[in-house]
Amino acid sequence: MSCLGKKQFERVFSNCVGMMPKEYSRIVRFQKSLWLMQNGQDNTGIAYDTGYADQSHFIREFKMFTGCAPGRLRDEFSPYSDLFTQPV
């Protein structure tokens, strides 16, 4: 608990991070979907594991972030992101 109201929390979060909490969570969820894709998960499994309402919701948001469908990204790019190829 942050002991802040919703608006105050959003204001503090935005000042610290540079974006609203909802936008940040969408980016984190998208990054997780890239990681799952890179590890061989199919679109249905990705949608389920990352909390999208359904597969079409996942694909729609994926297109918004990348400009292409997940299948096209799989076919044309490998790795999809170097964020997940280096050891932590």
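The table below gives the values:
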item	result
Estimated 222 nm signal from helices in the chain, with DSSP H stretches of n ≥ 4 weighted -39500 (n - 2.57), rounded to 500	-20000 deg cm²/dmol
Likely footprinting exposure, M37, M19, fewest C-beta neighbours within 10 Å first	M19, M37
Likely footprinting exposure, R60, R29, fewest C-beta neighbours within 10 Å first	R60, R29
Inter-probe distance in nm under a simple model that places probes 7 Å from Cα toward Cβ, at S56 and V17	2.9
Principal axis dimensions, largest first and in whole angstrom, of the chain by Cα	45, 31, 23
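No value in this document is a laboratory result; all are computed from the given coordinates. Fair warning: this is a prediction, and the values are worked out from it, not measured in the lab. When we count neighbours, we look across all protein chains shown, and the Cβ atoms used for this are built from the backbone with ideal geometry, even at glycine.
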